[in-house]
Amino acid sequence: HGRRGALGSRRSIRAPLRAFRTYANLVEQRPDDEHVRRELRALVEHDLGGLEETLQRVERFARLGPPEPRPFDLAAALGAELDARQSAARSKSLVVLRELDAQAPPLIADESQVRLAIRSLLDLALRLVPQGGDLYLGSAWRPKGEGSAAGHRILLRFHSPEEVLTGPSGEPDGEFLEVVIARDLLERAGGSFAIDASGAQDNVILVQLPG
């Protein structure tokens, strides 16, 4: 179901296509406007790169086999994904906060699939967070308690003034492709995936994975 949803989700592709059409109409209406031509060229270069990245992500997702669980350090994996995006965060002057539980026991899951899920969410967040915004990524180990099993928790939080992660209720294509992919991969790992976008563009993702 998740894979069909990811392949059927068109939100990540439709947005740049709408922008292309808008600027194409402007070029037709104002053929001698050098500013419009420069804007269209920059838009095409930027958004075609984004479309290529989206298609590559879908291809990697579609080729995945069944999970191969092995123990790995979740905090180290999350930290590595954040570190790989430092230049992207710096280019937007973002404040990136991390609270990763380095003392947690290993997570037993398919590391490559969990990292693809987190990578998808971080790339989406970095795209949506405005210049000078902030992003928070945290992890914590929850020991077994009364009525609750032991497990790992991942929290991703960011503010995006123009977009929230969830679409209208019942809209099959209302979610971002990255969210669909991440949810499917983390649920394959036996985890739960929840989004709270009830605030004014405050997006909070909570993932719980078994210990």
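I'd like to check something: does segment 11-18 contain any residue that is under 18 Å from residue 119 (Cα atoms), modelled with pLDDT of 70 or more and among the hydroxyl-bearing types (Ser, Thr, Tyr)? Scanning segment 11-18, I find no residue that is under 18 Å from residue 119 (Cα atoms), modelled with pLDDT of 70 or more and among the hydroxyl-bearing types (Ser, Thr, Tyr), so the answer is no.
Test residue 202 against the stated conditions and say whether it is open to solvent by less than 60 Å² (accessible area, probe 1.4 Å), at pLDDT below 85 and charged (D, E, K, R). Answer is no for this residue. Of everything in segment 74-85 that is free of Cβ contacts under 8 Å to residues at least 40 places away in the same chain and in contact with a helix residue (DSSP H, G or I) (Cβ under 9 Å, 6 or more places away or on another chain), the residue that is farthest from residue 115 (Cα to Cα) is 84.
Of the strands (runs of 3 or more DSSP E) lying entirely inside segment 47-117, the ones with 2 or more residues being within 20 Å of residue 210 (Cβ to Cβ) are found at 70-72, 107-109.
One residue is enough: does segment 188-197 have a residue meeting the conditions surrounded by fewer than 16 Cβ atoms within 10 Å (Cβ to Cβ), at pLDDT 90 or above, at negative phi and not in a loop (DSSP other than H, G, I, E, B)? Scanning segment 188-197 turns up at least one residue that is surrounded by fewer than 16 Cβ atoms within 10 Å (Cβ to Cβ), at pLDDT 90 or above, at negative phi and not in a loop (DSSP other than H, G, I, E, B). Can you pull out every residue in segment 106-121 that is open to solvent by 50 Å² or more (accessible area, probe 1.4 Å) and farther than 22 Å from residue 62 by Cβ? Once the filter is applied, which keeps residues that are open to solvent by 50 Å² or more (accessible area, probe 1.4 Å) and farther than 22 Å from residue 62 by Cβ, segment 106-121 yields 106, 108. On the basis of being over 21 Å from residue 180 (Cβ atoms), at pLDDT 90 or above and open to solvent by 30 Å² or more (accessible area, probe 1.4 Å), does residue 100 make the cut? Yes, satisfied. When the criteria are applied in full, residue 124 meets the requirement of being within 15 Å of the chain's Cα centre (by Cα), buried (at least 20 other Cβ atoms within 10 Å of the Cβ), modelled with pLDDT under 95 and not β-branched (Val, Ile, Thr). Within segment 54-84, the residues that satisfy the criterion of being within 16 Å of the chain's Cα centre (by Cα) and either among the hydrophobic types (A, V, I, L, M, F, W, C) or modelled with pLDDT of 95 or more (or both) are 55, 58, 61, 77, 78, 79, 80, 81, 82, 83, 84.
The values are calculated or read from the model by the stated rules, or taken from the named source; none is laboratory data. Every value quoted in this text rests on a predicted model; they were computed, and no experiment measured them. Heads up, the Cβs are rebuilt from the backbone with ideal geometry, glycines too, and the neighbour counts pull from every protein chain shown. Keep in mind that these areas ignore ligands, DNA and RNA; they rest on the heavy atoms of the full protein, side chains included. Shrake-Rupley method; radii C 1.70, N 1.55, O 1.52, S 1.80 Å.
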